[in-house]
1. When residues of segment 106-129 are filtered for being in a helix (DSSP H, G or I) and at pLDDT below 85, how many remain?
2. Just to be sure before I move on: is SER34 more than 15 Å from VAL113 (Cα to Cα), outside any helix (DSSP H, G or I), modelled with pLDDT under 85 and not aliphatic (A, V, I, L, M) in the structure I sent?
3. Applying the selection to segment 69-84, what residues are exposed (fewer than 13 other Cβ atoms within 10 Å of the Cβ) and not β-branched (Val, Ile, Thr)?
4. Give all pairs with beta carbons closer than 6 Å in which a residue from segment 54-74 that is on the phi < 0 side of the Ramachandran plot meets a residue that is assigned to a loop (DSSP other than H, G, I, E, B) and at pLDDT below 80; count only pairs at least 6 apart in sequence or on separate chains.
Amino acid sequence: MGIKSVENSVGAWAFLTGVVLAVVIGVSASSFLSIPALVSYSPQIYAILVLLGLFVGFSIKVEGKDAQTFLITGAILVIVSRFGMESVTGSLIGIGIGDVVSSTFAALLALFVPATIIVALKTVFSMARV
C-alpha cells in the first residue's frame, strides 16, 4: 500500500469537487433539467471550474511516469469531451438529452483544460532543467 501525500490529497479533493460541480452545472444548465438559480450563476460557476482546474494543475505533484499518464489521460478527456459535445448533440437531440450531455461535457472541459495545461507546462519546465 502506497503512502499518500497531503499535497496530492488536496489536489485530488479539488479535482473530485470540480468533477461533481461540473456534472451538476452541466445538467442544470440545459433546458431539460433547468435549475434557475444555477443557470443564472453559470458564468460564475464556470469561472470557479476554471480556477479549480488551475488549482488542481498547480497542487498535484506528478513527476515522471505519473506526469505522462496524467497528460495522456487529460488530453484524451479533453479531445473526447470536445468531440462528444458536437456528436452527441446531433445524435441524441430526438430524445431530449443532447443538451444535457453537451453542457456537461462543456463544464468538464472548463475543469480539465486548465489542469492539463498547467501539468504540461510543469512537465516541460522540469525537462528543461536537466
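The values are calculated or read from the model by the stated rules, or taken from the named source; none is laboratory data. No experiment lies behind these values; they were computed from the predicted model shown. Every residue, glycine as well, gets a Cβ built from its backbone with ideal geometry; the counts of neighbours run over all protein chains shown.
1. The qualifying residues number 3.
2. The answer is yes for SER34.
3. PHE83, the sole residue that qualifies.
4. Listed pairs, sorted by first residue: PHE70/VAL62.
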